[in-house]
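Q: One structure is given below, represented as structure tokens, and several questions about it will come after.
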Amino acid sequence: MSATAVAAASSPGPARAGPARRLGRTFTRHPWLALVSTLTAPVAWLVVVYLGALALLVVTAFFALDGASQKPTNELTLGNLDTAFTTSTYIWTVIRSLGVALAVTLLCLAIALPMAFYIAKVAKPWARRGFIIAVLLPLWAGYLVKGYAWRAMFSPGSQFAASGSGGVLQSTVGWTPGFGQTALVITLAYQWLPYMVLPIYAGLDRLPASLLDASADLGGRPLRTFRSVVIPSIVPAIAAGSIFTFSLSLGDYIMPNIVGGTTQLIGNLIARTLLAPNQPLAAAFTLWPIIIIVVYLLSMSKLHAFEDL
């Protein structure tokens, strides 16, 4: 046997790849497999916990209530849906909730548009980060803390009777809207304003400055440029922000109890029905916000809102 053959026979073969390396090569050859392995756990959690609980909630609306034990029975009925969707009192509560959510969204939009435009296009680059932090700063405070702070602002004076004065507004300007729908809209707009400012700011930040310069060169005044160039370009960002303000306002049931006075929304109706207790009827009431949110999301998807989330 030649020396070359002996050397070839005695030399070790190529090292076998370990399990981790073989797994990495498999993911490299099949990218879809890596995506599936990454998303399987969170998607399964979403389907089982969130969508599963939602499905059980919807199914509960079709069960009758045992009057003696106040627990759902095995008897199926459409009575809960009939009560939730045909009783005028409940329908007006849903309409009021929808109106409050839309009013909060419009108020947030009116405030967020000029604020986001100034931060993105007018403020100095070194100052933008500070302005963004200032916008996010209210989110660092507790939800209830902000709610009771606004309660002190709007108080007509009953809780300050010992001092003979009302809340901050009553004491400083001599007028306050008191507790009610106006106070509720203002408080919710303050709570959710950052969620409208940030998507609009992101949309404006991506807007090329050359478009604004071209509009000015063609004789467009600032308001005309804002209306005809800026607004159409950031419609998806506005739609994205409105998803947060609308959905969060529609489902809120804590702020109506703090500053809403006698104003009650669909969330309060659901909570009160659960405490009755009447779980099937409360589940029927939850179909209202589910339907409204689904319709709203489908509408916003037509405006490409999810591309800016």
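The values are calculated or read from the model by the stated rules, or taken from the named source; none is laboratory data. Just so it is clear, the model here is predicted, and its values are computed rather than measured. We place every Cβ from the backbone using ideal geometry, glycine too, and count neighbours over all the protein chains shown.
Q: Let me spell it out: the conditions are (1) out of contact with any helix residue (DSSP H, G or I) (no Cβ under 6 Å at 6 or more places or on another chain); (2) surrounded by 14 or more Cβ atoms within 10 Å (Cβ to Cβ); (3) without any contact (Cβ under 8 Å) to a residue 60 or more places away in the chain; (4) more than 19 Å from Lys146 (Cα to Cα), and Tyr190 meets all of them except one. Which number is the exception?
A: Condition (4) is where Tyr190 drops out.
Q: Search segment 70-93 for residues being of a type in the set (A, V, I, L, M) and not in a helix (DSSP H, G or I), and hand back the single one that is farthest from Leu265 (Cα to Cα).
A: Of everything passing the filter in segment 70-93, Leu76 is farthest from Leu265 (Cα to Cα).
Q: I'm trying to understand the selection: among the residues of segment 42-72, which are in contact with a helix residue (DSSP H, G or I) (Cβ under 9 Å, 6 or more places away or on another chain) and of a type in the set (Ser, Thr, Tyr)?
A: The answer is Thr60, and nothing else.
Q: Can you tell which of Gln279, Gln264 is in contact with a Ser or Thr (Cβ under 9 Å, 6 or more places away or on another chain), within 25 Å of Thr73 (Cα to Cα), surrounded by fewer than 20 Cβ atoms within 10 Å (Cβ to Cβ) and not β-branched (Val, Ile, Thr)?
A: Gln279
Q: Can you tell me which residues in segment 290-309 are charged (D, E, K, R) and surrounded by 14 or more Cβ atoms within 10 Å (Cβ to Cβ)?
A: Asp308
Q: What pairs come out if I take residues in segment 160-178 that are β-branched (Val, Ile, Thr) and pair them with residues that are at pLDDT 70 or above and surrounded by fewer than 18 Cβ atoms within 10 Å (Cβ to Cβ) whose C-beta lies under 6 Å away, six or more apart or interchain?
A: If the second residue must be at pLDDT 70 or above and surrounded by fewer than 18 Cβ atoms within 10 Å (Cβ to Cβ), the pairs left are Thr176/Pro156.
Q: Only residues in segment 200-222 that are in contact (Cβ under 8 Å) with a residue 60 or more places away in the chain and surrounded by 13 or more Cβ atoms within 10 Å (Cβ to Cβ) count as the first member; pair them with residues that are in a helix (DSSP H, G or I) and among the hydroxyl-bearing types (Ser, Thr, Tyr), Cβ under 7 angstrom, at least 6 apart or cross-chain, and list the lot.
A: Partner pairs satisfying both residue conditions: Leu207/Ser233; Leu212/Thr225.
Q: Keeping to segment 126-152, report how many residues are free of Cβ contacts under 8 Å to residues at least 60 places away in the same chain, over 20 Å from Pro114 (Cβ atoms) and of a type in the set (A, V, I, L, M, F, W, C).
A: Within segment 126-152, residues that are free of Cβ contacts under 8 Å to residues at least 60 places away in the same chain, over 20 Å from Pro114 (Cβ atoms) and of a type in the set (A, V, I, L, M, F, W, C) number 7.
Q: Another question, then. For segment 84-114, name all the residues that are under 16 Å from the mean Cα position of the chain (by Cα) and free of Cβ contacts under 8 Å to residues at least 12 places away in the same chain.
A: Across segment 84-114, the qualifying residue is only Leu106.
Q: OK, next. Is it fair to say Phe154 is touching a helix residue (DSSP H, G or I) at 6+ places or on another chain (Cβ under 7 Å), modelled with pLDDT of 90 or more and closer than 21 Å to Asn257 by Cα?
A: Against the criterion (touching a helix residue (DSSP H, G or I) at 6+ places or on another chain (Cβ under 7 Å), modelled with pLDDT of 90 or more and closer than 21 Å to Asn257 by Cα), Phe154 qualifies.
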